[in-house]
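J.: The following block contains the structure, expressed as C-alpha cells.
The values are calculated or read from the model by the stated rules, or taken from the named source; none is laboratory data. Given the structure is predicted, the values throughout are model-derived calculations rather than measurements. With ideal geometry, Cβ positions are generated from the backbone for all residues, glycine too; neighbour counts draw on all protein chains shown.
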Amino acid sequence: MTRIALTVNGTKVTREVTPRTNLADFLREELLLTGTHIGCEHGICGACTVVVDGEIARSCITYAVTCDGAEVRTIENFDEDTLMAKLRQAFSEEHALQCGYCTPGMLVAARDLIRRGEARDEESIRIGMSGNLCRCTGYMGIVSAVAKVAGAYSEKAEPNAATRTLGPAPGPDAPDGFATEKPASARPAKAVKAEAAAPVLSSQRSANVQTGEVTQEGKFTKLTQTITVNHPREDVWRYMADIEKVATCMPGVALDGPPQEGHVDGRMLVKLGPISADLAGEADVTRIENEWRGIIEGKGRDARSASLASGRVEYQLAEAEGGAATQMSVSMAYSLAGPLAQFSRGAIVRDLVSRLAGAFAQNLETRLSGRESDTAPAALDAGSLVFSVLWDHIKGFISKLLGRGSD
Amino acid sequence: MKPVAFEYERPRTIDAALDLLGAESNSKILAGGQTLGPMLNLRLVQPGLLIDITRIPELVSVSDEGDALKIGACVTHAAIEDARVEDHSNGYLRRVASGIAYRAVRTRGTLGGSLSHADPAADWLSALLVLKAELEITGLDGSRRVVLKNFVRGAMETDLSPRELLIAVHVPRSEKTARHGYYKICRKTGEFADAIGAVSFDPGSGAFCMVAAGGSEQPVTFESPENLFSQGDPLDPDSFDMPMAMDALREAGIEADNYELQIRAVAMSRAMQDAMSP
C-alpha cells in the first residue's frame, strides 16, 4: 500500500492505495464519487474523463498513485461552473443524452473543448469530441448542444498556463504525499531470475526470405514462407533432423531436454515492446524421408496471460540453383485461445515473421557452414514461427482495443 | 480488466531511475501511461515494478541548443500543441501534436513514451524522422546519442536496452525557408493510422526527406525526390507521381498489396500538399 495525498473537488484527501488502483476506481470506491463512469476501462470510450490539474484525462488509465499531489475535479464539482451549467441545459434541450452513461465524460470533454476555443464549427466539434463514445444518440444532439454553447462563449482563459508542467500532471513541483511502507532504499535486492535472452532482430529484411499471402480458415490463420539457404538439400535435410540443433537457430527458444522419439518439450520467450510472453509447450516432429518433407505440430501456453497457442508447421525442401542451394517452403497454420485470441490484424505478420524467419535463415546458414553463431538459442521445430505470428494477434489486439494514435 | 499487482517508485533523479531499472529485472518505465496503461489493464504487460519518471525535472524541460531544440522525454503532446514549447519548426510540431489521438490522451501522453514504444502507426516516429531528430539515451554504462532512423529496428522494437532510459529528443531547428508536411489516414479520428506520409524539404538548400509508414512495418525513408516526382521538382506538389511512389515503396522492400501501397502513396502526396499549403 502507498500513501497518497491529493485534492479532490476542493477537499484534501489522504488515503492508502495499491499502486494498481486506477484513478476512476479510487474516486468511485474510496471517495464514493460515482459520477465518474467506467466504460471500457482501457482508454477508448472517454466515459471516465476527469480534470487533473486543469487538463482533462482518462481516469481509467491514470493510476491514483501518479496523482499524488494533484488537484482532481470530477463531474460532481461543476455545480457552480457557469460554462458547465450552460452545457447541462443545452444537453437537455438538444437531446444530447439518453441513458446518460457517457454524459459525465461528454460534459467534461465538451467544457474543455469550448474553454480552449477549439469548438469553432461542426467539424472541429466532431473531431474534438471524437474521444468520447455514445451508444444512444448518434452524436447529432451532442454536437448541436456543444455548438449552441460554444457559439455564445467568447472567453478563452488559460489562467495557469505558465505554471503548468510540460509533462503529465502534476509534475516535479507537486507537493509529495507519497510514502511507501518500505522506503526505496530498503528495497531488498531481488534475485534476478536467469532470463532467457529475448530475440534481437535485425531491422533489415533478409533477402532470402519471402512471405506469402496470409489467409484465414476457420479458427486457423495460415501463411506461407520461402527461405533459401546456400547449402545442398542433403545437408539441410540432415541438419533439420537434429531438433536440438535446429532449436538453437530460432531466437528465444529453449528445449527442456533431448527429444524423445520426435516429441520435445520446451519454451519460447518472445518480447514485443513492453509485452513479454513465456510460452511453455510441446511439439511433435514427423519427417517423411522420401518426400523431403517435415511436419511439426505444437502447442504452448503462457501461464501469466493464460493464453493458448497451437499450430502446425510443414516444411518442404527443394533443390535450387542447380543443387547448390536449398529452397525451404514453410506453411504454417495457427490458432489462439484465451485473452490474446480475440483479434487479429494481418498486416504486421509480414514484418515480424520476415524478421524472425530472417534470423532463423541466417543462423541456419551459419551453423551449416560450421561456424558458431552468437545469437541466443531458439527453434523452428518447437513451432516458434507459429509463436512469432502470435504477435500479430497481440499487436492487432492492442490497436483495436486502444483504437487510437500514439501515446 | 485490472492490472496485476505491481510496486511503484517515483525517482526524483535520472540516476535514481537507472538504479531502480538495474535492481529489478521485471520493471517498466511509466511516463504518461497512455499506451502502457491499457496494456496493464488488459494484463498484456505484467511488471513487478513501475518506475514513474514524470517528476524528474530534466525530463520535463526544454532547452534551446542553438541549432536544435532539446525536448525532455516526458514533455506531453498537449504542451507542444498549446505552444508551451517554443516552435522552431515553422508550426510543424504543433500541427502533428494536435492530431495525435484525443485531447485527454495528449495531456498525459509523452514524446519520449511514444518514441520508445515505436509503434509504426504512431505519429512522432514518422514526423520526426524527416526532421532528422536525435535521441539522447542514458544508462548505467554512460550516455549516448542515436539518430532516430537507427533507433527504430522494427515494429515496436528499438535500440533501447532494458537498462537504459530515453531522456531527451534533439530536434534540429528548421530554416525559415524549410517546408514540412504531414498526413495520416485513419478510419476514425484519433485511431492508429493505416498510412502516414511525412515530408521535409528546403528550397534554399535543396535538402529533402520523405517518410512513408503503414500500420505494421517500420517507416521507409526517402532521402531524395528522385523516383517520387515525375518532374524531379519537389517544389511542385503536382509532380508527385503516385505510381512512381508505389514502385519506390515496393523497391524499398514493402511487401504489401496494391491498396496498402496506394494509401501510403496517397498519404505521401497529401503530406506534400500540406507542406506547400501556406
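J.: Could you say whether any residue in the range B:136-149 is among the charged types (D, E, K, R), within 14 Å of chain A (Cβ to nearest Cβ) and crowded, with 24+ Cβ neighbours inside 10 Å?
T.: Among the residues of the range B:136-149, not one is among the charged types (D, E, K, R), within 14 Å of chain A (Cβ to nearest Cβ) and crowded, with 24+ Cβ neighbours inside 10 Å, which makes the answer no.
J.: Still on this structure: So which of B:E226, B:E255, B:E217 is surrounded by 21 or more Cβ atoms within 10 Å (Cβ to Cβ), charged (D, E, K, R) and not in a helix (DSSP H, G or I)? Outline the logic, then answer.
T.: Working: B:E226 fails: surrounded by 21 or more Cβ atoms within 10 Å (Cβ to Cβ); B:E255 fails: surrounded by 21 or more Cβ atoms within 10 Å (Cβ to Cβ).
Criteria check complete, one pass: B:E217.
J.: Still on this structure: Which of the residues belonging to the range A:23-47 are within 13 Å of chain B (Cβ to nearest Cβ) and among the hydrophobic types (A, V, I, L, M, F, W, C)?
T.: A:L23, A:A24, A:F26, A:I38, A:C40, A:I44, A:C45, A:A47 - these are the residues of the range A:23-47 that are within 13 Å of chain B (Cβ to nearest Cβ) and among the hydrophobic types (A, V, I, L, M, F, W, C).
J.: Something else: Looking only at residues in the range A:140-168 that are modelled with pLDDT of 95 or more and within 12 Å of chain B (Cβ to nearest Cβ), which one is nearest to A:T66 (Cα to Cα)? Break it down into steps so the answer makes sense when it comes.
T.: The initial filter retains those residues of the range A:140-168 that are modelled with pLDDT of 95 or more, namely A:140-150, A:166-168.
Keeping just the survivors that are within 12 Å of chain B (Cβ to nearest Cβ) gives A:166-168.
Working: A:L166: 16, A:G167: 12, A:P168: 9 Å.
Residue satisfying both the conditions and the ranking: A:P168.
J.: In the same structural domain as B:R106 (by TED's automatic domain parsing), part of a strand (DSSP E or B) and polar (S, T, N, Q): does that describe B:S89?
T.: It is false that B:S89 is in the same structural domain as B:R106 (by TED's automatic domain parsing), part of a strand (DSSP E or B) and polar (S, T, N, Q).
J.: Residues of the range A:48-82 being part of a loop (DSSP other than H, G, I, E, B), within 21 Å of A:N132 (Cα to Cα) and not charged (D, E, K, R), which ones?
T.: Passing the criteria: A:C48, A:G54, A:S59, A:C60, A:I61, A:T62, A:T74, A:F78.
J.: Identify, by number, the condition in (1) touching a strand residue (DSSP E or B) at 6+ places or on another chain (Cβ under 6 Å); (2) at pLDDT below 95 that B:G142 doesn't meet.
T.: Of everything listed in (1) touching a strand residue (DSSP E or B) at 6+ places or on another chain (Cβ under 6 Å); (2) at pLDDT below 95, B:G142 misses just condition (1).
J.: Separate question: Quick check, is A:Q316 among the polar types (S, T, N, Q) and either within 35 Å of the chain's Cα centre (by Cα) or at positive phi (or both)?
T.: yes
J.: Within the range B:16-34, is even one residue closer than 18 Å to A:E55 by Cα, within 10 Å of another protein chain (Cβ to nearest Cβ) and of a type in the set (A, V, I, L, M)? So that I can check it myself, show each step before the final result.
T.: Our first condition is that a residue be closer than 18 Å to A:E55 by Cα; within the range B:16-34, this holds for B:31-34.
Cutting the leftovers down to within 10 Å of another protein chain (Cβ to nearest Cβ) gives us B:31-34.
Adding the requirement that they be of a type in the set (A, V, I, L, M) leaves B:31.
Yes, the range B:16-34 contains at least one residue that is closer than 18 Å to A:E55 by Cα, within 10 Å of another protein chain (Cβ to nearest Cβ) and of a type in the set (A, V, I, L, M).
J.: When you go through A:A359, A:A280 one by one, which is the residue that is closer than 28 Å to B:I29 by Cβ, modelled with pLDDT under 85 and either more than 11 Å from chain B (Cβ to nearest Cβ) or buried (at least 20 other Cβ atoms within 10 Å of the Cβ) (or both)? Talk me through it step by step, then tell me what you get.
T.: Working: A:A280 fails: modelled with pLDDT under 85.
Selected residue: A:A359, the only one of A:A359, A:A280 that is closer than 28 Å to B:I29 by Cβ, modelled with pLDDT under 85 and either more than 11 Å from chain B (Cβ to nearest Cβ) or buried (at least 20 other Cβ atoms within 10 Å of the Cβ) (or both).
J.: Residue check: is B:A104 of a type outside the set (K, R) and in a loop (DSSP other than H, G, I, E, B)?
T.: Numbers: of a type outside the set (K, R): yes; in a loop (DSSP other than H, G, I, E, B): no.
So B:A104 does not fit the description; no.
J.: Determine which single condition B:T189 fails, assuming it passes every other condition in (1) polar (S, T, N, Q); (2) outside the structural domain of B:Y259 (by TED's automatic domain parsing); (3) at pLDDT below 95.
T.: B:T189 satisfies all of (1) polar (S, T, N, Q); (2) outside the structural domain of B:Y259 (by TED's automatic domain parsing); (3) at pLDDT below 95 except (2).
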